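The values are calculated or read from the model by the stated rules, or taken from the named source; none is laboratory data. Just so we're clear, the structure is a prediction, and the values are computed from it rather than from any experiment. Quick reminder, even Gly has a Cβ in these numbers, built from the backbone with ideal geometry, and neighbours come from all protein chains shown. What goes into the accessible areas is simple: the full protein's heavy atoms, side chains included, and nothing from ligands, DNA or RNA. Shrake-Rupley method; radii C 1.70, N 1.55, O 1.52, S 1.80 Å.
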Amino acid sequence: MALRIYDTARRDVVDFVPLVEGRAGIYVCGLTVQSEPHVGHIRSGVNFDVLRRWLAASGYDVTFIRNTTDIDDKILTKAAEQGRPWFNLAYDMHRELTKAYAALNVAPPTYEPAATGHVPEMIEMIALLIERGHAYPAADGSGDVYFDVRSLADYGSLTHQKIDDMEAAADADPRGKRDPRDFALWKGRKESEPETASWPSPWGRGRPGWHIECSAMAGKYLGEAFDIHGGGVDLRFPHHENEQAQSRAAGHGFATYWMHNAWITTAGEKMSKSLGNSLVVPSVLERVRPIELRFYMVAAHYRSNVEFSFEALDEAAVGFQRIEGFLERAGMPDASTELRAAFVDAMDDDLGTPSAVAAIYDAVRDGNKLLGDGDTTGAADVASDVRAMLDVLGLDPLDPAWGTSSSGDNDKLTLAVDALVAGLLEQRNAARAAKDFAAADAIRDRIKAAGIVLEDTPTGTKWSL
RNA sequence: GGUGGGUUGGCCGAGAGGCGAGGCAACGGACUGCAAAUCCGUGUACACCGGUUCAAAUCCGGUACCCACCUCCA
């Protein structure tokens, strides 16, 4: 079975057929860098990182573009509130986002274009749209340029909506629009906005509308037609609908497949509404390791809502530790080159990561049985399979990306504890040899009180936190 | 008003006509001096009401509740 993916436009799971055999071009809408990323934001990054890894593992040569929106209303508003330049806010938040992606082993894209770096490309495209009769400068002299939604028969095809059924935005500024549903390609500069947030254009100084950046940048880096366009569900409309409209109106084929990841919710609602500060990535990572957070996200299907809870997160962490425990006991062999059929089938079926994880657990159980039977060679083979599967999900514990980056402090601490525990273990083993189990257990209890758990194994006693 | 999604055992979370995904927790057993880890076993879950079918969590009709989007959003 080859890869099948759910396409939003067709509302069905369909075969993935690339435009060019053996290659896949993907454009994912990244974030508007206006606040610290929370776990919901980062889910999108993780989900599409898994897509990218799976395509690569399936032999595709993948070009992966993920943009950054670094100029928009929110950035200007927030920066003004905070009394800092908008470009400083955007830059800071972009660095936070990059850190969060790196922490979760989300590979850097092939390229990460930013909106502000592509104003000429956008202006070029807007001019083309005007020329082709799909856009017009506002009649009120505001300097705005709008896309004419009624000029495109296809408008609404991505989200299956009819123009007349759509509510006109209640807060939309009707100035100079032919139809209230027309959307801005270019926003004329307002007196209240900083000069630095404007660029020269044929329609006067201003800044780009939200959607045009993606059309321009996808076209530049992936070509007029490419394979997959991704993003969060909320982007289906208006953002993706409008991107598609602009690009098609410009004569581009644009994306063949549209993929949308669902939310991580809190209290049943989308995260941005509950603005839980505790859910920004660095703060969640005080509770679990990054690899465990990633496992938590990957263990759910990308199109399913995940109701975030720390309890579920802790459970996921414990579950992942069982997998790691097996790998350690099996001696962490190199990853195998072949993937198990159950895993491949699961991934080919619209990235069925939950079933893929189940396949990993099946292998772990098999491997643990082999270890119990003393078959270390067999167990090592299974462990190789497990590492290969984990790697596809970006969850290989030995991936240097998880780095022991936090300097030598941790290592030094480990050595110190090891030395201290070693002394106690000697005493305990002496007591055990003398069958003085009361004394032996007393020592174990003391160690346990310090948060260290002992395991007696055939090769000696091990400790872990 | 339009569009899309959801409701699964103590909990998390898959599946999409028949055979109980998987994980966490719990209980019993094996192993262990006792533990830990590991393995084995234990569950008749699919919001509600009808219908189709030999067979429905899955298909159809309806009801309830929840969420998302409608030109700001992962």
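Here are the numbers for this structure:
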| read-out | value |
| --- | --- |
| Meets criteria (touching a helix residue (DSSP H, G or I) at 6+ places or on another chain (Cβ under 9 Å), open to solvent by 10 Å² or more (accessible area, probe 1.4 Å), under 17 Å from A:Pro37 (Cβ atoms) and of a type in the set (Val, Ile, Thr)) for A:Val284 | no |
| Output for the range A:221-235, where each listed residue is buried (at least 17 other Cβ atoms within 10 Å of the Cβ) and more than 16 Å from A:Asp72 (Cα to Cα) | A:Tyr221, A:Leu222, A:Phe226, A:Asp227, A:Ile228, A:His229, A:Gly230, A:Gly231, A:Gly232 |
| Unique residue being exposed (fewer than 13 other Cβ atoms within 10 Å of the Cβ) and at negative phi when the list is A:Ala153, A:Ala102 | A:Ala153 |
| Residue within the range A:268-287 that is touching a Leu at 6+ places or on another chain (Cβ under 9 Å), outside any helix (DSSP H, G or I) and within 22 Å of A:Val392 (Cβ to Cβ) present | no |
| Filter pass, A:Gly209 being within 15 Å of RNA strand B (Cβ to nearest atom) and in contact with a strand residue (DSSP E or B) (Cβ under 8 Å, 6 or more places away or on another chain) | yes |
| Residues that are more than 22 Å from A:His41 (Cβ to Cβ), surrounded by 14 or more Cβ atoms within 10 Å (Cβ to Cβ) and without any contact (Cβ under 8 Å) to a residue 60 or more places away in the chain, drawn from the range A:293-327 | A:Gly319, A:Gln321, A:Gly325 |
| Residues located in the range A:20-50, provided they are assigned to a strand (DSSP E or B) and modelled with pLDDT under 95 | A:Thr32, A:His38 |
| Failed condition for A:Ala388, given (1) more than 16 Å from RNA strand B (Cβ to nearest atom); (2) more than 25 Å from A:Glu338 (Cα to Cα) | (2) |
| Residue list for the range A:437-446, filter: open to solvent by 70 Å² or more (accessible area, probe 1.4 Å) and among the acidic types (Asp, Glu) | A:Asp445 |
| Enumeration of residues in the range A:51-89 that are away from RNA strand B (no atom under 12 Å from the Cβ), part of a helix (DSSP H, G or I) and touching a residue at least 12 places away in the same chain (Cβ under 8 Å) | A:Leu51, A:Arg52, A:Arg53, A:Trp54, A:Leu55, A:Ala57, A:Trp86, A:Phe87, A:Leu89 |
| Among the candidates A:Asp179, A:Asp164, residue that is surrounded by fewer than 21 Cβ atoms within 10 Å (Cβ to Cβ), more than 6 Å from RNA strand B (Cβ to nearest atom) and under 24 Å from A:Arg11 (Cα atoms) | A:Asp164 |
| Matching residues, the range A:366-401, being among the acidic types (Asp, Glu) and free of Cβ contacts under 8 Å to residues at least 24 places away in the same chain | A:Asp366, A:Asp373, A:Asp375 |
| The range A:4-19: number of residues that are in a loop (DSSP other than H, G, I, E, B), surrounded by 14 or more Cβ atoms within 10 Å (Cβ to Cβ) and within 16 Å of RNA strand B (Cβ to nearest atom) | 2 |
| Counted residues, the range A:99-111 - those being assigned to a helix (DSSP H, G or I), within 11 Å of the chain's Cα centre (by Cα) and not aromatic (Phe, Trp, Tyr) | 2 |
| Any hit, the range A:201-217, residues being open to solvent by less than 10 Å² (accessible area, probe 1.4 Å) and touching a Pro at 6+ places or on another chain (Cβ under 8 Å) | yes |
| Residues of the range A:288-316 satisfying the condition of being more than 6 Å from RNA strand B (Cβ to nearest atom), among the aliphatic types (A, V, I, L, M) and part of a helix (DSSP H, G or I) | A:Ile291, A:Leu293, A:Met297, A:Val298, A:Leu313, A:Ala316 |
| Pairs where the first residue, in the range A:252-268, is open to solvent by 20 Å² or more (accessible area, probe 1.4 Å) and the second is in a strand (DSSP E or B), C-beta under 7 Å, 6+ apart | A:His252/A:Ala225; A:Gly253/A:Ala225; A:Thr256/A:Asp227; A:Trp263/A:Lys270; A:Gly268/A:Glu307 |
| Selected residue (only one of A:Gly268, A:Gly319 is at positive phi, near RNA strand B (Cβ under 6 Å from one of its atoms) and not acidic (Asp, Glu)) | A:Gly268 |
| Residue in the range A:447-459 that is over 45 Å from the mean Cα position of the chain (by Cα) and open to solvent by 80 Å² or more (accessible area, probe 1.4 Å) present | no |
| Number of positions in the range A:135-150 that are farther than 15 Å from A:His211 by Cβ and open to solvent by less than 60 Å² (accessible area, probe 1.4 Å) | 4 |
| Residue in the range A:349-365 that is surrounded by the most Cβ atoms within 10 Å (Cβ to Cβ), counting only those that are more than 7 Å from RNA strand B (Cβ to nearest atom) and aliphatic (A, V, I, L, M) | A:Ala356 |
| One residue from A:Ser198, A:Ser192, A:Ser247 being without any contact (Cβ under 8 Å) to a residue 24 or more places away in the chain, open to solvent by less than 20 Å² (accessible area, probe 1.4 Å) and away from RNA strand B (no atom under 13 Å from the Cβ) | A:Ser198 |
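Per-residue answers, yes or no, for (1) under 30 Å from A:Trp54 (Cα atoms); (2) assigned to a helix (DSSP H, G or I):
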site: A:Asp385; (1), (2): yes, yes
site: A:Asp391; (1), (2): yes, yes
site: A:Glu426; (1), (2): no, yes
site: A:Ile443; (1), (2): no, yes
site: A:Gly451; (1), (2): no, no
site: A:Leu454; (1), (2): no, no
